Amino acid sequence: MEKYSVIGKSVPKIDSRAKVTGQAKYTGDLKFPNMLIGKILTSPHAHARILNIDTSEAEKLPGVKAVITHKDVPSLKYGISPARWDENIFCIDKVRFVGDKVAAVAALDEETVYKALKLIKVEYEVLPAVFDPIEALAEGAPQIHDEYRRNINTEIHQNFGNVEEAFAKAHLVRTDKFIGQRTYQCPIEPHSAISMWEGGKLTVYCSTQSPHYFQHYIAREFGLPMGDVRVIKTYVGGGFGGKLEPTGLEFAGAVLARITGRPVKMFYDRHDMFAHNRGRHRQIMEITTGVDKDGKILGMHANFIMDGGAYTSLGIASAYYAGAMLTLTYDFENYKFDMIRAYTNLPACGAQRGHGAPQPRYAFECHLDNVATQLGIDPLELRLRNARQPNTVTPNEFKVNSCEMTACLEKAREISDWEKKKGQLPKGKGIGVAVGSFVSGAGYPIYRTDLPHSAAIIKVHPDGSAATLYVGATDIGQGSDTVLCQMAAEAMGYTYENMKIISADTETTPHDFGAYASRQTLMSGAAVKQAGEDVKNQLLEMAGVMMDKNPGNLDCREGVIFSKLEPEKTLPFTAVAREYFVKNGPLVGRGSYTPPKLGGTFKGAPVGTSPAYSFAAQISEVQVDEETGEINVNHVWDVHDCGMVINPALLHAQVHGALYMGMGESIWEEVQFDAKGKILNPNMSDYRMPTALDMPVITSALVESCEPAGPWGVKEVGEGATIPTMGCYANAIYDAMGVRVNSLPLSYEKVWRALKEKREKEKGGGKKKK
């Protein structure tokens, strides 16, 4: 008999039929009686003082039902990070980037809304603007927020061990500088929200990664008890971090709906999505590492500057994550991290898949390849010599339980034929390696609270023919509804096919913090497992009475209750569930999960803490056309330590999706601006993303691992697979062309120019020798 009957199997996604048949309704698809359409007017200037707003002509337009500005909405500042609430529903005194929120209109239809927006007259006094973080930090730079001197949004200085002493003892100390670019998540579904009031209660249908955070911050902004705000997540067409925090749509929509007494649908078009942003930060990263003659890391210093844009969003956490996660994959004791996140007059950055970690990991992995080259050590061997081991603690006090970093590297080396290819490939071809690690859920919530991180309820139907799982966890396309139903069925001894789920509705489902930090399989899963075991225990008690057996000698598997001592003696789950309902009423199981206290006591210690960490090694093989700089990624091997796998098909799909996003950011993607801060490529045509034709052959493999902190030993995979990709591709391109490009994206033009400079240097060197 197999150990598990439901988990570990590639069952179909529970929502697949609804999606492929078009039955699934996204927020933009919903319609309600008397519903109005709303839109936000945004600033055409990157930095300007608002002198006057005249809405009179817009208000006169037939079909317009309401026009609002900052005078009509709460003035309380908001944000997702309580440490820096710096954003208003509408700008009060000045705008801070092209796309900042100024006013909003609700009308009978979309055409009228756009006409009305053009009729709103805003008088501005244009102010000097700053778009580069280094320039923003300089004395005399335009001040974006008066309360933050020199435009410093976040400043971090952490020192663990003695880095200076480690460098003094080192055989080699090397410094490299790298630059990461601004990118955007580009979910296929734009943001949308529908707000409506009934009495004093607000209901919001929206495309969100966290109904709880939306509920919490909307209630705070309007001074409402959380019970008077209901947030319902509809089907979500991708999030990747960009839909974690409330937007102007939810806040403005709520005000317009209250004024008009009608439901109001607010939406962003694709241009609005790029302007709202909350995507990847641009980072300037200087890394210095000291190693001994064998390549063992003795100490490291990460010195970073981050372009945060006009507001904080999740940027404080991003800034801390940028340095915190660098300590996980390699075993060293001395570490120093300095970071400044600067305000600029560009759209605010936030959390994009992997949060602040992928670009610093790119820099560190490229830097280590440079160190390996200088020492004459194989880059993969250098990583093996430094690989973190299980049951260790990082310099910044992260406790690592399970860790198969060594096994990941060894398996990647084997399946990619690394030893046969490294240094042996024909001209223009290269192979590169990088590693990564990520949290399996954040150790602490975004705002301070003692609420459990996840909770779950399972209600068995009176005849036992079905069971419904109620969870606040949020399926944004990654398949969490499916995985959690598998976990519920396994814990109950039930069948997946008879599971139903109601998720992510703050009125009908128990609390959960939602989909971010790769948290749901471990954290929501732990709550679901507990709820399933609660159902099972109640059933076995009832079965013990019906079978005249000790409940401790009974078990349940695939909907059949049986005696462990006499396996032939059985009762169907349905019969026992019905009897329970007759005798006791509803059969309900409950569960919740709160992580243990994690991390140190220094400033910023909570960021990066987690009950468990995934680990991964990636190897890629590329081909570079020396005449054009064109890059073709031929094959990628990803080897993951992600604990027990609940659904293999969904796991490998997550790896493919992560590699897709990592590939796009490595080679093509970059949000570009003109000299006045206007986005040049805010659409899916000019913002270059990979297509299916660009994708390489992908080999997704696993190493055996079991995490003691996770239910059934699970860990994350969804974001962790993005972490190594940029460094992996960069190192393969370096191997192919023999010259390093130190800024992302590694565009064809940059590669071509680097190759051209290399040829010119070689030609010049040859002439001198003559």
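The values are calculated or read from the model by the stated rules, or taken from the named source; none is laboratory data. These numbers come from a predicted model, not from an experiment. Using ideal geometry, Cβ is built from the backbone for each residue, glycine included, and neighbour counts are taken over all protein chains shown. Only protein heavy atoms, including side chains, enter the accessible area calculation; ligands, DNA and RNA are left aside. Shrake-Rupley method; radii C 1.70, N 1.55, O 1.52, S 1.80 Å.
Scanning region 539-561 for residues being surrounded by fewer than 20 Cβ atoms within 10 Å (Cβ to Cβ), farther than 17 Å from residue 467 by Cα and of a type in the set (A, V, I, L, M, F, W, C) gives a total of 2. From the list 24, 103, exactly one residue is small (Gly, Ala, Ser) and out of contact with any Phe, Trp or Tyr (no Cβ under 6 Å at 6 or more places or on another chain). Which is it? Result: 103 is the single residue among 24, 103 that is small (Gly, Ala, Ser) and out of contact with any Phe, Trp or Tyr (no Cβ under 6 Å at 6 or more places or on another chain).
Residue pairs whose Cβ atoms lie under 6 Å apart, separated by 6 or more positions or on different chains, with the first residue in region 578-598 and over 23 Å from residue 487 (Cα atoms) and the second β-branched (Val, Ile, Thr) and in a loop (DSSP other than H, G, I, E, B), are 598/609. Do you know which residues across region 416-446 are assigned to a helix (DSSP H, G or I) and open to solvent by 60 Å² or more (accessible area, probe 1.4 Å)? Selection gives 419, 420.
Kindly establish whether residue 692 is out of contact with any strand residue (DSSP E or B) (no Cβ under 8 Å at 6 or more places or on another chain), of a type in the set (A, V, I, L, M, F, W, C) and within 30 Å of residue 532 (Cβ to Cβ). No, not satisfied.
Scan region 361-377 residue by residue and report those that are in a helix (DSSP H, G or I) and open to solvent by 10 Å² or more (accessible area, probe 1.4 Å). Spell out how you get there, then give the answer.
Pass one, region 361-377, residues in a helix (DSSP H, G or I): 361-375.
Of everything in region 361-377, those that are in a helix (DSSP H, G or I) and open to solvent by 10 Å² or more (accessible area, probe 1.4 Å) turn out to be 370, 373, 374, 375.
Can you go through 692, 653 and tell me which one is within 17 Å of residue 188 (Cβ to Cβ), at pLDDT below 95 and of a type outside the set (Ser, Thr, Tyr)? On inspection, the qualifying residue turns out to be 692. The combined condition, being over 27 Å from residue 270 (Cβ atoms), part of a strand (DSSP E or B) and touching a strand residue (DSSP E or B) at 6+ places or on another chain (Cβ under 7 Å), is not fulfilled by residue 145.
Note on region 452-497: among residues that are among the charged types (D, E, K, R) and under 22 Å from residue 576 (Cβ atoms), the one that is surrounded by the most Cβ atoms within 10 Å (Cβ to Cβ) is 490. Residue 80 meets the stated requirement of being more than 17 Å from residue 121 (Cβ to Cβ), in a loop (DSSP other than H, G, I, E, B), touching a residue at least 12 places away in the same chain (Cβ under 8 Å) and open to solvent by less than 20 Å² (accessible area, probe 1.4 Å). Give region 116-132 a look and list any residue that's under 25 Å from residue 255 (Cα atoms) and surrounded by fewer than 16 Cβ atoms within 10 Å (Cβ to Cβ), or say none. 118, 121, 123 - these are the residues of region 116-132 that are under 25 Å from residue 255 (Cα atoms) and surrounded by fewer than 16 Cβ atoms within 10 Å (Cβ to Cβ).
Answer yes or no: is there a residue in region 697-704 that is more than 25 Å from residue 631 (Cβ to Cβ), buried (at least 18 other Cβ atoms within 10 Å of the Cβ) and at pLDDT 95 or above. Steps first, please.
Initial filter on region 697-704 (more than 25 Å from residue 631 (Cβ to Cβ)): 702-704.
Those still in the list that are buried (at least 18 other Cβ atoms within 10 Å of the Cβ) too: 702-703.
Filter once more, so that each one left must be at pLDDT 95 or above: 702-703.
Yes, region 697-704 has at least one match.
Among the residues of region 42-75, those that are in a strand (DSSP E or B) and open to solvent by 30 Å² or more (accessible area, probe 1.4 Å) comprise 42, 49, 51, 52, 53, 54, 65. Within region 465-505, restricting attention to residues that are part of a strand (DSSP E or B) and free of Cβ contacts under 8 Å to residues at least 40 places away in the same chain, the residue that is nearest to residue 232 (Cα to Cα) is 502. If I filter region 447-464 for residues that are farther than 26 Å from residue 320 by Cα and part of a helix (DSSP H, G or I), do I get at least one hit? Checked region 447-464: no residue is farther than 26 Å from residue 320 by Cα and part of a helix (DSSP H, G or I). Scanning region 608-625 turns up no residue that is more than 28 Å from residue 458 (Cβ to Cβ) and not assigned by TED's automatic domain parsing to the domain that holds residue 437.
Each row is one residue, and each column tells you yes or no for (1) closer than 15 Å to residue 478 by Cα; (2) crowded, with 23+ Cβ neighbours inside 10 Å; (3) free of Cβ contacts under 8 Å to residues at least 40 places away in the same chain; (4) not assigned by TED's automatic domain parsing to the domain that holds residue 289.
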residue	(1), (2), (3), (4)
179	no, no, no, yes
195	no, yes, no, yes
201	no, no, yes, yes
206	no, yes, no, yes
215	no, yes, no, yes
224	no, no, yes, yes
229	no, yes, no, yes
232	no, no, no, yes
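The residues of region 597-620 that are assigned to a strand (DSSP E or B) and under 19 Å from the mean Cα position of the chain (by Cα), listed by number, are 613, 614, 615, 616. Among the residues in region 16-31, are any part of a loop (DSSP other than H, G, I, E, B), under 27 Å from the mean Cα position of the chain (by Cα) and surrounded by 14 or more Cβ atoms within 10 Å (Cβ to Cβ)? Yes, region 16-31 contains at least one residue that is part of a loop (DSSP other than H, G, I, E, B), under 27 Å from the mean Cα position of the chain (by Cα) and surrounded by 14 or more Cβ atoms within 10 Å (Cβ to Cβ).
Among the residues of region 544-551, are any touching a Phe, Trp or Tyr at 6+ places or on another chain (Cβ under 8 Å) and either among the hydrophobic types (A, V, I, L, M, F, W, C) or in the same structural domain as residue 498 (by TED's automatic domain parsing) (or both)? No, region 544-551 has no match at all. Screening residue 111 with (1) free of Cβ contacts under 8 Å to residues at least 24 places away in the same chain; (2) under 25 Å from residue 673 (Cβ atoms) gives one miss only, at (2).
Of all residues in region 609-645, which are at positive phi and in contact with a strand residue (DSSP E or B) (Cβ under 7 Å, 6 or more places away or on another chain)? Walk me through it before giving the result.
Narrowing region 609-645 to residues at positive phi: 629, 643.
Residue satisfying the conditions is 643 alone.
What are the residues in region 184-231 that are of a type in the set (A, V, I, L, M) and part of a helix (DSSP H, G or I), if any? Of everything in region 184-231, those that are of a type in the set (A, V, I, L, M) and part of a helix (DSSP H, G or I) turn out to be 218, 219, 226.
Residue check: is residue 116 assigned to a helix (DSSP H, G or I) and in contact (Cβ under 8 Å) with a residue 12 or more places away in the chain? Please lay out each step first, then the result.
Numbers: assigned to a helix (DSSP H, G or I): yes; in contact (Cβ under 8 Å) with a residue 12 or more places away in the chain: yes.
When the stated conditions are applied, residue 116 passes them.
Beta carbons closer than 8 Å, at least 6 apart along the sequence or on distinct chains, pair a first residue in region 752-766 that is open to solvent by 100 Å² or more (accessible area, probe 1.4 Å) with a second that is at pLDDT 90 or above for 753/629; 757/739. If you go through region 726-744 and keep only what is outside any helix (DSSP H, G or I) and surrounded by 24 or more Cβ atoms within 10 Å (Cβ to Cβ), you end up with just 744.
Taken together, 115, 71, 121 contain a single residue that is in contact with a strand residue (DSSP E or B) (Cβ under 7 Å, 6 or more places away or on another chain), more than 30 Å from residue 300 (Cβ to Cβ) and among the basic types (Lys, Arg), which is 121.
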